[in-house]
1. What FRET efficiency comes out for the pair B:VAL13/A:ARG111, r = Cβ-Cβ distance, R0 = 30 Å, nearest 0.05?
2. Quick one: plug the Kirkwood hydrodynamic radius of segment A:2-52 (C-alpha pairs) into Stokes-Einstein at 25 °C, 0.890 mPa s, and report D in µm²/s.
3. Can you tell me the dipole magnitude for the protein assembly as shown around its Cα centre, using point charges on the Cβ only (Lys, Arg +1; Asp, Glu -1), in Debye to the nearest 20?
4. Leaving out ligands and nucleic acids, and using a 1.4 Å probe, what accessible area per residue does the protein assembly as shown come to in Å²?
5. Collect residues whose amide H, placed 1.01 Å from N in the peptide plane, falls under 5 Å from the amide H of A:ASP95; neighbours closer than 5 in sequence don't count.
6. Based on the Cβ-Cβ distance of A:THR86 and B:THR20, what FRET efficiency does E = 1/(1 + (r/R0)^6) give at R0 = 35 Å, to the nearest 0.05?
7. Carbon-plus-sulfur fraction of the accessible area of chain A, 1.4 Å probe, in percent?
8. To the nearest 20 debye, what is the magnitude of the charge dipole of chain A about its Cα centre, counting +1 on the Cβ of each Lys and Arg and -1 on the Cβ of each Asp and Glu?
Amino acid sequence: DAGITQSPRHKVTETGTPVTLRCHQTENHRYMYWYRQDPGHGLRLIHYSYGVKDTDKGEVSDGYSVSRSKTEDFLLTLESATSSQTSVYFCAISDAGQPPSYGYTFGSGTRLTVV
Amino acid sequence: AQKVTQAQTEISVVEKEDVTLDCVYETRDTTYYLFWYKQPPSGELVFLIRRNSFDEQNEISGRYSWNFQKSTSSFNFTITASQVVDSAVYFCALGGGGSNYKLTFGKGTLLTVNP
(Lines give C-alpha, C1' and ligand atoms only; values in the text may rest on other atoms or scores of the structure.)
Protein backbone atom coordinates (compact mmCIF):
# COMPACT_ATOMS: atom_id res chain seq x y z
CA ASP A 1 0.00 0.00 0.00
CA ALA A 2 1.38 3.36 -1.03
CA GLY A 3 -0.07 5.32 1.91
CA ILE A 4 0.09 8.46 -0.20
CA THR A 5 -1.11 8.90 -3.74
CA GLN A 6 -1.07 11.83 -6.11
CA SER A 7 -3.40 12.42 -9.01
CA PRO A 8 -3.08 12.91 -11.84
CA ARG A 9 0.40 11.55 -12.49
CA HIS A 10 0.76 13.54 -15.68
CA LYS A 11 -1.12 16.53 -17.01
CA VAL A 12 -0.79 18.91 -19.92
CA THR A 13 -2.82 22.07 -19.70
CA GLU A 14 -3.08 25.37 -21.48
CA THR A 15 -1.93 28.70 -20.18
CA GLY A 16 -4.64 30.50 -18.26
CA THR A 17 -6.63 27.43 -17.26
CA PRO A 18 -7.17 26.39 -13.66
CA VAL A 19 -5.59 23.14 -12.53
CA THR A 20 -6.07 21.14 -9.34
CA LEU A 21 -3.71 18.47 -8.13
CA ARG A 22 -4.77 16.05 -5.46
CA CYS A 23 -2.82 14.39 -2.70
CA HIS A 24 -4.52 11.60 -0.79
CA GLN A 25 -3.13 9.82 2.26
CA THR A 26 -4.28 6.82 4.24
CA GLU A 27 -1.82 7.27 7.13
CA ASN A 28 -3.86 9.79 9.13
CA HIS A 29 -0.80 12.06 9.31
CA ARG A 30 -1.35 15.58 10.52
CA TYR A 31 1.13 17.36 8.27
CA MET A 32 0.97 17.57 4.50
CA TYR A 33 3.16 19.51 2.09
CA TRP A 34 3.35 20.48 -1.55
CA TYR A 35 6.75 20.91 -3.17
CA ARG A 36 7.80 21.62 -6.70
CA GLN A 37 10.97 20.28 -8.25
CA ASP A 38 12.78 22.15 -10.97
CA PRO A 39 16.25 21.64 -12.46
CA GLY A 40 18.81 23.70 -10.59
CA HIS A 41 16.42 24.47 -7.75
CA GLY A 42 15.93 21.21 -5.95
CA LEU A 43 12.66 20.95 -4.05
CA ARG A 44 10.91 24.11 -2.96
CA LEU A 45 7.98 24.32 -0.59
CA ILE A 46 4.79 25.78 -2.04
CA HIS A 47 2.25 25.35 0.76
CA TYR A 48 1.78 23.12 3.71
CA SER A 49 -0.95 22.07 6.12
CA TYR A 50 -0.73 21.34 9.81
CA GLY A 51 -4.31 20.20 10.22
CA VAL A 52 -7.76 20.30 8.67
CA LYS A 53 -8.40 23.80 7.39
CA ASP A 54 -4.97 24.90 8.69
CA THR A 55 -2.60 25.86 5.91
CA ASP A 56 0.29 28.22 5.40
CA LYS A 57 2.52 29.48 2.63
CA GLY A 58 5.93 28.19 1.69
CA GLU A 59 8.70 29.96 -0.17
CA VAL A 60 7.14 29.81 -3.66
CA SER A 61 3.42 30.21 -3.00
CA ASP A 62 2.57 32.92 -5.54
CA GLY A 63 0.03 31.66 -8.07
CA TYR A 64 -0.98 28.69 -5.95
CA SER A 65 -3.71 28.01 -3.41
CA VAL A 66 -4.46 24.98 -1.28
CA SER A 67 -7.30 23.46 0.63
CA ARG A 68 -7.60 20.75 3.21
CA SER A 69 -11.19 19.98 4.17
CA LYS A 70 -10.39 16.55 5.61
CA THR A 71 -7.31 14.87 7.00
CA GLU A 72 -6.69 12.63 4.04
CA ASP A 73 -6.84 15.12 1.18
CA PHE A 74 -4.68 18.11 0.36
CA LEU A 75 -5.47 19.92 -2.87
CA LEU A 76 -3.16 22.24 -4.76
CA THR A 77 -4.77 24.66 -7.22
CA LEU A 78 -3.14 26.74 -9.88
CA GLU A 79 -5.73 29.44 -10.39
CA SER A 80 -4.50 30.42 -13.85
CA ALA A 81 -1.67 28.22 -15.03
CA THR A 82 1.45 29.82 -16.51
CA SER A 83 4.39 28.27 -18.31
CA SER A 84 6.59 29.01 -15.29
CA GLN A 85 4.49 26.52 -13.35
CA THR A 86 5.59 23.66 -15.58
CA SER A 87 7.24 21.41 -13.04
CA VAL A 88 7.11 18.17 -11.14
CA TYR A 89 4.96 18.49 -8.05
CA PHE A 90 5.48 16.32 -5.01
CA CYS A 91 3.20 15.87 -2.07
CA ALA A 92 4.62 14.73 1.25
CA ILE A 93 3.19 13.69 4.58
CA SER A 94 4.71 13.71 8.04
CA ASP A 95 3.68 12.30 11.35
CA ALA A 96 4.65 14.51 14.29
CA GLY A 97 4.26 11.96 17.00
CA GLN A 98 6.11 12.06 20.35
CA PRO A 99 8.99 12.03 19.77
CA PRO A 100 8.32 13.31 16.29
CA SER A 101 9.21 10.81 13.67
CA TYR A 102 10.00 13.78 11.51
CA GLY A 103 10.63 12.61 8.10
CA TYR A 104 8.61 12.80 4.99
CA THR A 105 6.93 10.16 2.95
CA PHE A 106 6.62 11.42 -0.58
CA GLY A 107 4.05 10.74 -3.23
CA SER A 108 5.13 9.64 -6.67
CA GLY A 109 4.87 13.11 -8.12
CA THR A 110 2.74 14.85 -10.75
CA ARG A 111 4.40 16.05 -13.92
CA LEU A 112 2.57 19.18 -15.05
CA THR A 113 3.21 20.83 -18.38
CA VAL A 114 1.66 24.20 -19.16
CA VAL A 115 1.64 24.99 -22.89
CA ALA B 1 16.21 31.46 7.53
CA GLN B 2 17.46 27.98 6.92
CA LYS B 3 19.72 27.10 4.04
CA VAL B 4 21.22 23.94 2.62
CA THR B 5 24.10 24.02 0.17
CA GLN B 6 25.10 21.09 -1.97
CA ALA B 7 28.00 22.56 -3.87
CA GLN B 8 28.48 19.53 -6.11
CA THR B 9 25.96 19.72 -8.92
CA GLU B 10 27.14 16.57 -10.68
CA ILE B 11 29.61 13.82 -9.85
CA SER B 12 30.71 11.02 -12.14
CA VAL B 13 32.64 8.00 -10.89
CA VAL B 14 33.55 4.56 -12.08
CA GLU B 15 32.00 1.59 -10.35
CA LYS B 16 33.72 0.50 -7.12
CA GLU B 17 35.08 3.96 -6.45
CA ASP B 18 34.23 5.64 -3.16
CA VAL B 19 32.36 8.92 -3.44
CA THR B 20 31.43 11.62 -0.93
CA LEU B 21 28.52 13.99 -1.36
CA ASP B 22 28.87 17.23 0.53
CA CYS B 23 26.16 19.06 2.44
CA VAL B 24 26.57 22.29 4.36
CA TYR B 25 23.70 23.84 6.27
CA GLU B 26 22.81 27.07 8.00
CA THR B 27 20.30 27.42 10.82
CA ARG B 28 19.75 29.44 13.97
CA ASP B 29 17.81 26.66 15.63
CA THR B 30 19.52 24.84 18.47
CA THR B 31 17.49 21.72 17.73
CA TYR B 32 17.30 20.63 14.14
CA TYR B 33 17.22 17.57 11.95
CA LEU B 34 19.20 16.61 8.89
CA PHE B 35 18.16 14.21 6.18
CA TRP B 36 19.35 12.60 3.01
CA TYR B 37 16.97 11.51 0.26
CA LYS B 38 17.70 9.59 -2.92
CA GLN B 39 15.88 10.15 -6.21
CA PRO B 40 16.68 7.40 -8.73
CA PRO B 41 15.94 7.85 -12.43
CA SER B 42 12.43 6.50 -11.85
CA GLY B 43 11.67 9.75 -10.01
CA GLU B 44 10.46 8.72 -6.57
CA LEU B 45 12.03 10.22 -3.46
CA VAL B 46 13.45 7.70 -1.04
CA PHE B 47 14.33 8.49 2.57
CA LEU B 48 17.86 7.41 3.51
CA ILE B 49 18.67 8.83 6.93
CA ARG B 50 17.66 11.31 9.63
CA ARG B 51 20.11 12.76 12.13
CA ASN B 52 19.24 14.90 15.17
CA SER B 53 21.38 17.92 16.00
CA PHE B 54 22.21 16.57 19.45
CA ASP B 55 23.54 13.29 18.11
CA GLU B 56 26.86 13.69 16.36
CA GLN B 57 27.65 10.02 16.06
CA ASN B 58 28.52 8.97 12.58
CA GLU B 59 26.38 6.28 11.07
CA ILE B 60 27.12 3.40 8.76
CA SER B 61 24.57 1.37 6.89
CA GLY B 62 26.11 -1.15 4.54
CA ARG B 63 28.02 0.78 1.89
CA TYR B 64 26.56 4.09 3.08
CA SER B 65 28.01 6.25 5.82
CA TRP B 66 27.26 9.71 7.10
CA ASN B 67 29.59 12.17 8.79
CA PHE B 68 27.83 14.84 10.87
CA GLN B 69 30.02 17.67 12.15
CA LYS B 70 28.32 20.54 13.94
CA SER B 71 31.58 22.49 14.13
CA THR B 72 31.59 22.86 10.36
CA SER B 73 27.79 22.62 9.86
CA SER B 74 28.24 19.70 7.53
CA PHE B 75 26.47 16.42 7.00
CA ASN B 76 28.36 14.54 4.33
CA PHE B 77 27.35 11.27 2.73
CA THR B 78 29.83 8.66 1.55
CA ILE B 79 29.12 5.68 -0.66
CA THR B 80 31.80 3.03 -0.50
CA ALA B 81 32.46 0.81 -3.49
CA SER B 82 29.84 2.55 -5.60
CA GLN B 83 27.55 0.57 -7.88
CA VAL B 84 25.63 1.50 -10.99
CA VAL B 85 22.40 1.27 -8.96
CA ASP B 86 23.64 4.16 -6.83
CA SER B 87 23.18 6.48 -9.80
CA ALA B 88 20.61 9.03 -8.67
CA VAL B 89 20.06 12.56 -7.50
CA TYR B 90 20.78 12.90 -3.81
CA PHE B 91 19.18 15.61 -1.71
CA CYS B 92 20.26 16.87 1.66
CA ALA B 93 17.53 18.50 3.75
CA LEU B 94 17.25 20.45 6.99
CA GLY B 95 14.34 20.82 9.36
CA GLY B 96 14.09 22.95 12.47
CA GLY B 97 12.37 22.13 15.70
CA GLY B 98 8.96 23.73 16.00
CA SER B 99 8.79 24.73 12.35
CA ASN B 100 5.75 22.66 11.50
CA TYR B 101 8.29 20.11 10.39
CA LYS B 102 9.02 21.89 7.16
CA LEU B 103 12.12 20.73 5.37
CA THR B 104 14.49 22.92 3.39
CA PHE B 105 16.20 21.01 0.63
CA GLY B 106 19.49 21.53 -1.11
CA LYS B 107 19.53 21.66 -4.89
CA GLY B 108 20.71 18.10 -5.14
CA THR B 109 23.76 16.29 -6.47
CA LEU B 110 23.46 14.09 -9.54
CA LEU B 111 25.65 11.03 -9.07
CA THR B 112 26.45 8.93 -12.10
CA VAL B 113 28.21 5.65 -11.54
CA ASN B 114 29.65 4.25 -14.74
CA PRO B 115 30.35 0.55 -15.22
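The values are calculated or read from the model by the stated rules, or taken from the named source; none is laboratory data. Since we're looking at a predicted model, the values are computed, not measured. Backbone-built Cβ (ideal geometry, glycine too); neighbour counts: all protein chains shown. Note: areas computed on protein heavy atoms with side chains; ligands, DNA, RNA excluded. Shrake-Rupley method; radii C 1.70, N 1.55, O 1.52, S 1.80 Å.
1. My answer for the efficiency is 0.55.
2. Translational diffusion coefficient: 188 µm²/s.
3. The dipole of the protein assembly as shown has a size of about 360 debye.
4. So the protein assembly as shown comes to 48 Å² accessible per residue, rounded to a whole number.
5. A:TYR102, A:GLY103
6. With R0 = 35 Å, the Cβ-Cβ based efficiency is 0.55.
7. Answer for chain A is 46 percent, counting heavy atoms of protein chains only.
8. I would put it at about 120 debye.
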